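K.L.:
First the structure, then my questions, so here it is.
The values are calculated or read from the model by the stated rules, or taken from the named source; none is laboratory data. Computed from a predicted model, the values in this text were never measured in an experiment.
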Amino acid sequence: MEGFHRWITPWPMIQISDCEWIIMRDDPRNPAAIVRRLTFDGETFYRIVRWAPTSEGRKLFGYVRTLEIADMCVTFVNEPEKTAGQLSPDRPGAWADGRA
């Protein structure tokens, strides 16, 4: 898409088990999301869940095919709510520069 850039993640993902990662962004104490590797019928997917202190507050972002895309789909903790259909590693200019 013209005018969109691939967003470079500011911090590496933190692996917490053989199939789970925490994504940190602008809040140094709370994760932005948790990613879990799942396999269905021999195919691997990564489920992205918006992190919250309790299960009730967590929200599904969606499923993607690679861990890299999962990392790039999560921007900042206080980002406006997204739905699975809005997941994208592409960001408009300010996002790409880390200024938004």
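K.L.:
State which residue is farthest from the chain's Cα centre (by Cα) when the search covers only region 38-59 and only residues that are β-branched (Val, Ile, Thr) and part of a strand (DSSP E or B). Reasoning before the result, please.
P.N.:
Looking only at region 38-59, we keep the residues that are β-branched (Val, Ile, Thr), and these are 39, 44, 48-49, 54.
Then keep just the ones that are part of a strand (DSSP E or B); that gives 39, 44, 48-49.
Numbers: 39: 18, 44: 17, 48: 6, 49: 8 Å.
The extreme case among them is 39.
K.L.:
Before we move on, is residue 98 on the phi > 0 side of the Ramachandran plot and modelled with pLDDT under 95?
P.N.:
Yes; evaluated as a whole, the condition is true for this residue.
K.L.:
Given the conditions (1) within 14 Å of the chain's Cα centre (by Cα); (2) at pLDDT 95 or above, and given that residue 19 satisfies all but one, which numbered condition is not satisfied?
P.N.:
(1)
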